[in-house]
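K.L.:
Let me begin by handing over the structure; questions about it come next.
The values are calculated or read from the model by the stated rules, or taken from the named source; none is laboratory data. Just so it is clear, the model here is predicted, and its values are computed rather than measured. Don't worry about glycine lacking a Cβ; one is built from the backbone with ideal geometry, like all the others, and counts go over all protein chains shown.
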Amino acid sequence: MISYPINATLCLALLLFVYKALLERERMYVFNRYYLLFGLCFAFAVPFITMETVVEIPLTELATTTNLSNIDSSTLGTTLENTTKVSTISVWLMVTISLYAIGYLLFFFRFLQNIYRIFYKIIKSVRVRYKLASLVLLNENVLPHTFLHYIFLKKEAYDTNNIAEELYTHELAHVTQKHTLDIIFIELIQIIFWFNPLLIFYKKAIQLNHEFLADAAVLQSNTQVPRYQHLLLANAHGNHDLRLASNLNFSVTKKRLKMMTKHTTRGRAWLLASLTIPIFTAALFLFSTKVIAQKTIPVTTAKKTAIQTTLQKDAKAAYYKNATFVFEDSKGQKTKKIYTELTVSEKAKLVPPPPKPTANQPTKQQLSDWLDEQKFAIWIDNKVVHNSEITKHDIVHYQQSFVHKNARSKRFPQAYQTHLYTAKGFSALQQKHKPTLGKNVVLHIKEGSDQIRLEKKKADATKTDSKEKVQRKDLLIFITKNETFLVNENYVVSGIDKLDNVLKSELSKMKQKKSITASIIYDTAVSKEFISKTIAVLNNHKIYDITTRNSSSEDEIRLPPPPPAPKKPQIKEVKIPAPTAPPKVTKEEEKRLSIMHKIVKGQKLETMMINGKKHYYVEKNGRTYIFDEDSYMVDKEGNRLPPPPPRSKEKAKKKELEAKKAKEEKAAKKSSDWKEVKKILDKS
């Protein structure tokens, strides 16, 4: 129970960190909105996802009766102490539940109070229909803000048309994009998980992203960025007390103003969005609930273990009784022994004998399925037959393997190859199994080495041995439960590195072969990971024709060959069109704009409505200057004023002569003649 809020909080912290580090500063607001909402649901749902891990737990024999006379006073004291601990835990549990209930009720009633205050203002105030929203006109001094499809405005500002069109567009974006639903959703989450402080920061991230979305909607309506930024800063001092509403003044910071000029390329947006997939996958594995499924195995007792050990020793004695062991010490001296002369430690190092095949009789359903010649290729006693021949024989044993598509042939295109055996065929199969090594087998064991080299005497070689050798794989690898390898019955090694060295030695003898086949037979106690490492070593030596099976089964699994090399990517040249030139500005427009800028510079620009159209005005030197949206100066009725008349030629010529005269006088004053004249005048 305690692990759930911890895992949920850690998951939420991870997702919030990823958002702050990668996504918040990018202009991909719609994706960010759904990332935050999905992340919120994911963080509180992932601890409920269970991943099962199977663990085998052996059963042991337990006594079915208890002797009360053997229980002493110390045992009773321990029991009483444990009972006291349980009661203490119960008290703390009740305290925890009570604290949670108090916090839950406080947050729940606060939520109801906020909802009531909003709807109370809606009912008591004047409402006006505006496009897809309803304007709620308040007598309070508030900034425009939104809840559901209601936009709250100051009544006085609305009546005097003192609200800029950009503010209507901003609040209307909150309405059409249903931002209020996001806020209500996280508020409900906060009621349940009121003790989680991360939800406060998560809610602020969602609200700030809402403002980014609304700002983007305003800028898409051909509004100039600097003008909109000044408008936001001019209205940045208002406030309101509705916690569930989306308001214009939320976090008007340097970051929000910068995001208006931020640009994110499409490729970068796709890359950042794709990076969230492995993050959610990692969070799933990290914070999901791990369930250990206990799989009981048969009862094991000391007596049964002793019997199994004895049987294993007897099997080794029967298998190695005819073999000869040659021990070589560090000085090169060799000693011959037979199995009965080996010590206990030497016998323990020997690989257990391969098990004898046991009958694997098919069911009636399997016999019926095998009649499908499109899916199954059939062999009976090692002979290819038609599927209909199955009904004519009494099958006592079968072996079946799946064939991948790229390993199928024209003759055998079926997905499964099934080898069936009658009683006679299965008897022949069992006879091929060697319960005992031949007398020609010599096992060479060198001191300080884990390798056991197997040699055969040439004189005792028979036609049967050579025939079996042809039918066998190029590499035959046995893996014991101790993860020891027996390679081609010649080497016994432990460890992947030593197996690699043995494979190099064996493959050097097969250089003339184009493709090498291998078979891996492993003990049921060997892990899948270890088998995968063994297959990887074979693949490193370019051996891909590999079959695997465990020692207790006859069914072989053929591994698929490696995939083909990827094709080289084709690069196409794409002509990028030249950028279009910006529109030219006429001299008349430049003159008109320069006049407006000189008048407006350093003054507070305000808006007013004339004849239903928006106009801008400033008051300077006791006079009111009014401009329309095209920067033309107009009168109080909205009529455009004519441009100022040009200066007359006489005035211009007079001014030019005065300037020329002043220039000549200035030059004369600096000359040496003027200085002499000045001295004479001073003396007189």
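K.L.:
Among the residues of the range 1-32, which ones are acidic (D, E) and out of contact with any Ser or Thr (no Cβ under 6 Å at 6 or more places or on another chain)?
P.N.:
Across the range 1-32, the qualifying residue is only E24.
K.L.:
Sort through L350, L420 and tell me the only one that's under 30 Å from V442 (Cβ atoms) and within 51 Å of the chain's Cα centre (by Cα).
P.N.:
So the residue among L350, L420 that is under 30 Å from V442 (Cβ atoms) and within 51 Å of the chain's Cα centre (by Cα) is L350.
K.L.:
Additional query: Looking at I97, I102, I89, can you tell me which residue is modelled with pLDDT of 90 or more, surrounded by fewer than 16 Cβ atoms within 10 Å (Cβ to Cβ) and of a type outside the set (G, A, S)?
P.N.:
I102
For (1) at pLDDT 90 or above; (2) of a type outside the set (D, E, K, R); (3) surrounded by 11 or more Cβ atoms within 10 Å (Cβ to Cβ), each residue gets a yes or a no:
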| site | (1), (2), (3) |
| --- | --- |
| T261 | no, yes, yes |
| I277 | yes, yes, no |
| A282 | yes, yes, yes |
| T310 | no, yes, no |
| A315 | no, yes, yes |
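Quick grid of which residues meet (1) surrounded by 11 or more Cβ atoms within 10 Å (Cβ to Cβ); (2) modelled with pLDDT of 85 or more; (3) outside the structural domain of S519 (by the TED database):
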residue	(1), (2), (3)
Y544	yes, no, no
I557	yes, no, yes
P563	no, no, yes
P569	no, no, yes
P577	no, no, yes
T580	no, no, yes
G602	no, no, yes
L605	yes, no, yes
E656	no, no, yes
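K.L.:
Which residue out of H444, H419 is modelled with pLDDT under 80 and surrounded by 17 or more Cβ atoms within 10 Å (Cβ to Cβ)?
P.N.:
H444
K.L.:
Would the range 368-380 turn up any residue that is exposed (fewer than 12 other Cβ atoms within 10 Å of the Cβ) and either closer than 22 Å to Q430 by Cβ or touching a Lys or Arg at 6+ places or on another chain (Cβ under 9 Å) (or both)?
P.N.:
No, the conditions are met nowhere in the range 368-380.
K.L.:
Still on this structure, I have one more. Any chance you could count how many residues in the range 196-211 are crowded, with 20+ Cβ neighbours inside 10 Å and either more than 26 Å from the chain's Cα centre (by Cα) or not in a helix (DSSP H, G or I) (or both)?
P.N.:
The total comes to 1.
K.L.:
Right, another one. Out of (1) surrounded by fewer than 12 Cβ atoms within 10 Å (Cβ to Cβ); (2) outside any helix (DSSP H, G or I), what's the single condition that is false for I123?
P.N.:
For I123, the exception is condition (2).
K.L.:
Tally up the residues in the range 422-433 that are in contact with a strand residue (DSSP E or B) (Cβ under 8 Å, 6 or more places away or on another chain) and modelled with pLDDT of 85 or more, please.
P.N.:
3
K.L.:
What is the residue count in the range 592-629 for residues that are part of a loop (DSSP other than H, G, I, E, B) and over 25 Å from D159 (Cα atoms)?
P.N.:
If we filter the range 592-629 for residues that are part of a loop (DSSP other than H, G, I, E, B), which is where we start, we get 601-605, 611-612, 621-622, 628-629.
Pick out the ones that are also over 25 Å from D159 (Cα atoms) and you get 601-602, 621-622.
Matching residues across the range 592-629 total 4.
K.L.:
Moving on. Six or more apart or on different chains, Cβ under 6 Å: which pairs go from a residue in the range 174-203 that's assigned by the TED database to the domain that holds A43 to one that's part of a helix (DSSP H, G or I)? Could you list them?
P.N.:
none
K.L.:
Residues S345, S409: which one is of a type in the set (S, T, N, Q), in the same structural domain as K321 (by the TED database) and at pLDDT below 85? Steps first, please.
P.N.:
Details: S409 fails: in the same structural domain as K321 (by the TED database).
The unique qualifying residue is S345.
K.L.:
Which pairs turn up if I take residues in the range 341-355 that are part of a helix (DSSP H, G or I) and look for partners that are surrounded by 10 or more Cβ atoms within 10 Å (Cβ to Cβ) with beta carbon separation below 6 Å, at least 6 apart in sequence or on another chain?
P.N.:
none
K.L.:
When only residues in the range 131-173 that are touching a residue at least 40 places away in the same chain (Cβ under 8 Å) and part of a strand (DSSP E or B) count, which is farthest from the chain's Cα centre (by Cα)?
P.N.:
F152
Okay, residues lined up against (1) buried (at least 16 other Cβ atoms within 10 Å of the Cβ); (2) touching a Lys or Arg at 6+ places or on another chain (Cβ under 8 Å):
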site	(1), (2)
L342	yes, no
K349	no, no
P353	yes, yes
K364	no, no
